[in-house]
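Shown next, in structure tokens, is the structure this report addresses.
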């Protein structure tokens, strides 16, 4: 049986990243991917079924706890050579990558350790942030190293793009501190909390819970430290929930 003629998308001298490619070549390659890639010829509903089988089908959540200098993000248990966004499905074509990332963010819960990890994650995922539905942010406050204003600005700029977000949880803990009696004096941490309160006011459609615990101390509902009381006044007592062991498990 005759085999179909192979179509070469790259001319000699053009590498895999497209360096040396003319604008016409790039347009032709994009059109070829759109019309000839077989998976893209399937209905969107069928492609979603394929994504469901191929994109971490055994997992319902990720804990993002590390990033690499190259921008890749990793989850626990930590696997040095494989990042969360390292599946081959994410590198078939730009359209498939966009669809696959959208599926990932729409169907998995993301537990993220810190503001920087969130910005690194979205930096890898790009526009898929609009499909993010479930986010659990673990915020380990350090009175000696408050959250930088620039990180706070980037975080909320990205969070505001998460138009599909319907569940948000904030877990606040201390790192290496016996108390947080001067919480309000640490402007970076206080500004982050006020920005979070403003975000929740603007997004009443988001189901929100928060909890505060001491990593080095006890865990319980209704803490009486100044930090807990400040957060309670900002975020509301009715949305406070019991701390869970997830904070300790993912340290």
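The values are calculated or read from the model by the stated rules, or taken from the named source; none is laboratory data. Note that the structure is predicted; figures quoted are calculated from it, not measured. FYI the Cβ positions are ideal-geometry reconstructions off the backbone, even for glycines, and counts take in every protein chain you see.
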Next on the checklist: Being more than 13 Å from the chain's Cα centre (by Cα), buried (at least 20 other Cβ atoms within 10 Å of the Cβ) and either more than 14 Å from residue 228 (Cβ to Cβ) or modelled with pLDDT of 80 or more (or both): is that true of residue 191 here?
Outcome noted: no
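If you go through region 104-118 one residue at a time, how many are part of a helix (DSSP H, G or I) and modelled with pLDDT under 90? Write out each step before concluding.
As a first pass, look at region 104-118 and keep what is part of a helix (DSSP H, G or I): 104-107, 115-118.
Within this subset, residues satisfying the condition of being modelled with pLDDT under 90 are 116-117.
Within region 104-118, residues that are part of a helix (DSSP H, G or I) and modelled with pLDDT under 90 number 2.
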Checklist entry - Taking region 196-212 only, how many residues are more than 13 Å from residue 232 (Cα to Cα) and more than 20 Å from the chain's Cα centre (by Cα)? => result 4
Next on the checklist: Looking at region 165-173, can you tell me whether even one residue there is free of Cβ contacts under 8 Å to residues at least 40 places away in the same chain, at negative phi and either in the same structural domain as residue 213 (by TED's automatic domain parsing) or over 14 Å from the mean Cα position of the chain (by Cα) (or both)?
Outcome noted: no
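Would it be correct to say that residue 101 is closer than 21 Å to residue 164 by Cβ and modelled with pLDDT under 85? Give the derivation first.
Details: closer than 21 Å to residue 164 by Cβ: yes; modelled with pLDDT under 85: no.
Criteria not met by residue 101.
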Next on the checklist: Please go through region 61-92 and give me each residue that is modelled with pLDDT under 75, in a loop (DSSP other than H, G, I, E, B) and closer than 17 Å to residue 122 by Cβ, ordered by number.
Outcome noted: 68, 70, 71, 72, 83
Item to check | From 140, 156, residue being in a strand (DSSP E or B) and at pLDDT 70 or above | outcome: 140
